[in-house]
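Participant: Quick one: this structure, given as structure tokens, is what I'll be asking you about.
Since every read-out is calculated from the coordinates, none of them should be taken as a lab result. Please read these numbers as outputs of a predicted model, since none were measured by experiment. Positions of Cβ are generated from backbone atoms using ideal geometry, with glycine treated the same way; all protein chains shown enter the neighbour counts.
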Amino acid sequence: MPTRVLVLSDTHLPGRARSLPPSVLEAAAQADLIVHAGDLVSLDVYDELALLAPVIAVHGNVDDPEACRRLPARAVFERDGVRVGVTHGHLGRAPTTPGRALEAFAADEPRPAVVIFGHSHQPLIERREGVLLLNPGSPTDPRRAPAPSYAWLELDGGEARARLVELPRRR
């Protein structure tokens, strides 16, 4: 049975919205695991998600001091034969956010097959250097993206598949 991972980033709560969209909470209740790639802002988001499924989260560049103390800058986990790295994407020397995300795990052995990141609020599913890069965008603050979004990552027998889910813009 595949592992269904709900992937979030850049929720910026309570600054960009008062709460997570109901459809994100519904998705979280269906997930086997939730990954948050930083900029939660407050650990209240982590706590709310943790009521619905296990959560792996990293801190971002605008998280409050408590979130930065409690959450790592990067995390690595393995499920269903797939090694996954998680970072926010703001640290490093590469000129782009995807480049900094890859750079965060360049020295890891074995190297993650999937790297999840955020920071840019720009959804992305792309293979680079044999690694599946996944940025879910933001469900609350899409900025220049066409719509708010999150992602699903399915892990099964050493294989990883990702898809983006666009949400309606809030008014």
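Participant: Which ³J(HN,Hα) values, rounded to whole Hz and listed in residue order, are derived for the stretch 95-106 from phi using the Karplus coefficients 6.51, -1.76 and 1.60 in 6.51 cos²θ - 1.76 cosθ + 1.60 with θ = phi - 60°, glycine and proline given as x?
Facilitator: x, 10, 5, x, x, 5, 5, 4, 4, 4, 10, 4
Participant: Quick one: if you stick a label point 7 Å off each Cα along the C-beta vector at L91 and L52, how many nm between them?
Facilitator: About 2.7 nm, to one decimal.
Participant: List the residues, sorted by chain then number, that are 5 or more residues from L33 or on another chain and whose placed amide H is less than 5 Å from its amide H.
Facilitator: It is R4, L6, by chain and number.
Participant: Counting only residues 5 or more places away or on other chains, whose amide H sits under 5 Å from the amide H of L132 once H atoms are built in the peptide plane?
Facilitator: Under 5 Å from the amide H of L132: V114, V115.
Participant: If you plug each phi of the stretch 120-127 into the Karplus form 6.51 cos²θ - 1.76 cosθ + 1.60 with θ = phi - 60°, what whole-Hz ³J(HN,Hα) values come out, in order, with x for Gly and Pro?
Facilitator: 7, 6, 9, x, 7, 10, 7, 9
Participant: A further question on this structure: Give a residue-ordered list of calculated ³J(HN,Hα) values for the stretch 69-75 (Karplus: 6.51 cos²θ - 1.76 cosθ + 1.60, θ = phi - 60°; whole Hz; x for Gly, Pro).
Facilitator: 6, 8, 10, x, 7, 8, 9
Participant: Going by amide H atoms built from the backbone, whose H comes under 5 Å of the H on A147, apart from near neighbours?
Facilitator: The list, which skips near neighbours in sequence, is empty: none.
Participant: A further question follows. Among the DSSP beta bridges whose two residues both lie in the chain, what percent are antiparallel, rounded to the nearest 5?
Facilitator: Antiparallel bridges make up about 65 percent of those DSSP assigns within the chain.
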